[in-house]
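Here's the structure we're looking at; comments come further down.
The values are calculated or read from the model by the stated rules, or taken from the named source; none is laboratory data. Predicted model only: the values in this text are computed from it and were never measured. Positions of Cβ are generated from backbone atoms using ideal geometry, with glycine treated the same way; all protein chains shown enter the neighbour counts. Please note that ligands, DNA and RNA were not included when accessible areas were found on the heavy atoms of the full protein model with its side chains. Shrake-Rupley method; radii C 1.70, N 1.55, O 1.52, S 1.80 Å.
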Amino acid sequence: AGLLSAAFLGLWVISNSMALIAFNKWLLHEDRFPFPAALTALHQAGVSLLTALLFAVSPGSFPTVAVLSKQTGGFLTAVAKRFLPVGICLSGTLFLSNAAYRQCSVGFCQMMKATNVCWVYVGSSLFGLDIFSWQRFVILVWIVFFMGLAAANEVHFSFRGFLTQVGSQCFEVVRFIVIGLLLRGAEQLDALTVMLLQSPVCFVFLSIFAVVTWDERIPEAALELFPWLGMNVLLAFSLNFAITTALKAMAPTSYNLLSPVKDSMVLAMSALVFHDPVPLKQAACFGSALLGLYVHTNFRLRPDLFSQGLGSGIVQCFLPRRPLLWLASSFGFRRRPTENVELKWV
């Protein structure tokens, strides 16, 4: 039952993420609701409202709210210290990533996002949040190289869209580094508390973006598409809740193993649903980069495999039973009753 529950959670996260990406891409079409700042502000408003309702019904599900209220300087000071810089970065990520969907294919954006693990590691190493390893660095160069080749083979390349996606990833990388710096030695917050306090901060900054980029067509388009926008907001909340539930039931490392699976499925969706052309060379390069992500995941989970050298470790990653064990661990069910984890956005 535990394995089935974990498999269900993994599929819920992946399918919900894919559905939201597809829904956003459809809504942001020029003939519907081409206003990424307004759309993401609506998302955060909906998540804030629904999470607040959940807090009102079940405050016990937010255990670290009480911890923050006891911090030196009071509750608001503790919230501002942790969530103001993180909220600014997340707002930039959400706004620019959705803006990129208007100019680039879903598959292209996902290819670029897959390299975030590399830039986060480089930044974390520079700030002393992670230990530098030449073996790991070589694996990450492998990932970036093939992802770069895959992106270079994009049929409908948009330089403006490329820069927009780069900006989104810069905000995302800085967000992870800021989280690491702020939470070093601090109490870990439970995921629902992060949702409760982070979403209003994001809503404020995304509302500013919406005002700055205001278009007089927004009210009319919002009224015309109100049912679709409502379903889109509910889907955004569902994704955040799915991630929260999965992080509570699965170990963080097992949860992170879902990323290569999601990347593959999003690229397939880009080709099958949106009919974005995916040349054979681009697909081959993307597949090679995913193999690099698989090796990198093994390096993090089983560094002992690489004790005899990088080449030996890579060979052991692809022994007959290893991929099956990796797939099983992707949905491995391990409860951690006392550990609180921080919400990660996909």
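Considering the stretch 99-114 alone, what residues qualify as being of a type in the set (S, T, N, Q) and within 12 Å of the chain's Cα centre (by Cα)? Gln110 - this is the single residue of the stretch 99-114 that is of a type in the set (S, T, N, Q) and within 12 Å of the chain's Cα centre (by Cα).
Any idea which residue in the stretch 56-74 is modelled with the lowest pLDDT, counting only those that are in contact with a helix residue (DSSP H, G or I) (Cβ under 6 Å, 6 or more places away or on another chain) and either among the small types (Gly, Ala, Ser) or open to solvent by 70 Å² or more (accessible area, probe 1.4 Å) (or both)? By that ranking, first place goes to Ser69. Tyr101 fulfils the conditions (1) of a type in the set (Ser, Thr, Tyr); (2) open to solvent by 30 Å² or more (accessible area, probe 1.4 Å); (3) under 23 Å from Phe274 (Cα atoms) except for a single criterion, (2).
Look at Thr93 and say whether it is under 21 Å from Phe23 (Cβ atoms) and of a type in the set (Val, Ile, Thr). For Thr93, the condition - under 21 Å from Phe23 (Cβ atoms) and of a type in the set (Val, Ile, Thr) - is met.
Residues of the stretch 1-15 that are open to solvent by 10 Å² or more (accessible area, probe 1.4 Å) and either over 15 Å from the mean Cα position of the chain (by Cα) or polar (S, T, N, Q) (or both): Ala1, Gly2, Leu3, Leu4, Ser5, Ala7, Phe8, Leu9, Leu11, Ser15. In the stretch 23-52, the residues that are over 17 Å from Ala210 (Cα atoms) form Cβ pairs under 6 Å with partners that are of a type in the set (Val, Ile, Thr) and in a helix (DSSP H, G or I), at six or more places apart or across chains, as follows: Lys25/Val106.
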